[in-house]
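Participant: First the structure, then my questions, so here it is.
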Amino acid sequence: MIRVAVAGASGYMGAELLRLLLRHPEVELTAVTSDRLSGEPLAAAYPHLRGLTTLAFHALEAEWLAGVADVVFLALPHLESQKVVPVLRRHRVKAIDLSADYRLRDPNDYVTWYKAAHLDSQGLGEAVYGLPELHRKSIAAASLVASPGCYPVGAILATAPLLKSGLARLEGIVVDGKSGVSGAGAQGRKADPMYLYTEANENVQAYGITTHRHTPEIEQELSALAGSPVRVSFTPHLVPLNRGLFTTASVPLASTLSTVELVSVYRDFYAGEPFVRVLGEGERPTTRAVIGSNFCDVTVVSDPRTGRATCVSAIDNLGKGGSANGVQNLNIVYGWSERTGLDAPPVYP
């Protein structure tokens, strides 16, 4: 059994990790940390885990974590993981980071988008971007995996086949993302008025317009796929859902192709992928069909009138957009079936 710890388990992402890891047949959950909840049993913070574990929250101490785990998931606020990861790596403990601290390859992007210099240049240079559909082989050999943000997962999986195949023109790509409240505040149970029931219910809000920190992550991966720099116009929205993320991307095409032809390109690109379900002509992704799972439902529709493709994806922001994708990375690192611990179907309704 592999010993696994979760650092920063007091947020929604950490809670979802605990739910998945407690039923994973190959791991033993040995530690969970939260400075705010230190000393409290997990069940006090998360009644849905009552009877499944006797663990209590521990204060975050990197040296202690390195002694009780073989791999640590980090669900910490941005800019905090880079303080812990060097200690873990010094003790040869693997790390799967769910924050943004190791996702961007260019350290200057952290100054631009996070207003802070990166503290761990060596780790940043060795980290592997943890989207299995693009980087499976590199993930398998990695000791530090940077799991993607939820919006980038939705945007990248929705558009990757077009960028990789050369069917897309690289200018004028527009990405619209809509996330449930647990996605916008996944690192913790925030008290920001934006997330209050009275503000989020019966309301749709755009936020981070032109400045959202997931933008460089989307551009980084799409540029790598295209082999040329890609810039996108990305706008995130908060919608009145507990969980779920819906992406609509408008991509200009290099030549006119039918919907049938585009769907065929997607099916070839994602052939054999255990968690990407390409829907056929006339079928449409919905968040309800993926909640509680690691699935991404995706489709594409041609618009000959505008010369564009409309690419649509649906994921669970805490699933494929976060914790479940992190567990998929864990499975790849240790050579287990990628479905291990993730084989339960989505929750419906």
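The values are calculated or read from the model by the stated rules, or taken from the named source; none is laboratory data. Please read all numbers here as calculations on a predicted model, not as lab measurements. We place every Cβ from the backbone using ideal geometry, glycine too, and count neighbours over all the protein chains shown.
Participant: So in the stretch 293-343, with the set limited to residues that are free of Cβ contacts under 8 Å to residues at least 60 places away in the same chain and surrounded by fewer than 17 Cβ atoms within 10 Å (Cβ to Cβ), which one is nearest to A15 (Cα to Cα)?
Facilitator: D343
Participant: Does S165 qualify as being within 19 Å of A226 (Cα to Cα), modelled with pLDDT of 95 or more and not assigned by TED's automatic domain parsing to the domain that holds E63?
Facilitator: The answer is yes for S165.
Participant: Next question, about the same structure. Within the stretch 36-51, can you find the residues that are within 25 Å of the chain's Cα centre (by Cα), closer than 29 Å to Y334 by Cβ and of a type outside the set (A, V, I, L, M)?
Facilitator: Selection gives Y46, H48.
Participant: Sort out which residues of the stretch 57-68 are without any contact (Cβ under 8 Å) to a residue 60 or more places away in the chain and either among the aromatic types (F, W, Y) or outside any loop (DSSP other than H, G, I, E, B) (or both), and write them in order of number.
Facilitator: F57, H58, A62, E63, W64, A66, G67
Participant: Can I ask one more? Right, T54: assigned to a loop (DSSP other than H, G, I, E, B), over 20 Å from the mean Cα position of the chain (by Cα) and of a type in the set (S, T, Y) or not?
Facilitator: Here the answer is yes, as T54 does meet what is asked.
Participant: Just checking, does the stretch 11-28 include any residue being among the hydroxyl-bearing types (S, T, Y), buried (at least 16 other Cβ atoms within 10 Å of the Cβ), part of a helix (DSSP H, G or I) and at pLDDT below 95?
Facilitator: Checked the stretch 11-28: at least one residue is among the hydroxyl-bearing types (S, T, Y), buried (at least 16 other Cβ atoms within 10 Å of the Cβ), part of a helix (DSSP H, G or I) and at pLDDT below 95.
Participant: Could you check, for the stretch 69-78, whether at least one of its residues is modelled with pLDDT of 95 or more, crowded, with 16+ Cβ neighbours inside 10 Å, touching a Lys or Arg at 6+ places or on another chain (Cβ under 6 Å) and assigned to a strand (DSSP E or B)?
Facilitator: yes
Participant: Quick check on R89: is it in contact (Cβ under 8 Å) with a residue 40 or more places away in the chain, more than 29 Å from I315 (Cα to Cα) and of a type in the set (K, R)?
Facilitator: Working: in contact (Cβ under 8 Å) with a residue 40 or more places away in the chain: yes; more than 29 Å from I315 (Cα to Cα): yes; of a type in the set (K, R): yes.
Yes, satisfied.
Participant: So how many residues does the stretch 29-41 have that are under 23 Å from L342 (Cβ atoms) and surrounded by fewer than 19 Cβ atoms within 10 Å (Cβ to Cβ)?
Facilitator: 1
Participant: Does R339 qualify as being in a loop (DSSP other than H, G, I, E, B) and charged (D, E, K, R)?
Facilitator: yes
Participant: OK, next. If A44 passes every condition in (1) part of a helix (DSSP H, G or I); (2) surrounded by 15 or more Cβ atoms within 10 Å (Cβ to Cβ) but one, which one does it miss?
Facilitator: (2)
Participant: State whether the residues of the stretch 291-305 include one that is of a type in the set (K, R) and in contact with a strand residue (DSSP E or B) (Cβ under 9 Å, 6 or more places away or on another chain).
Facilitator: Checking the stretch 291-305: not a single residue is of a type in the set (K, R) and in contact with a strand residue (DSSP E or B) (Cβ under 9 Å, 6 or more places away or on another chain).
Participant: Can I ask one more? Would you confirm whether or not the stretch 145-162 contains a residue that is among the polar types (S, T, N, Q), more than 26 Å from D297 (Cα to Cα) and modelled with pLDDT of 95 or more?
Facilitator: No: zero hits.
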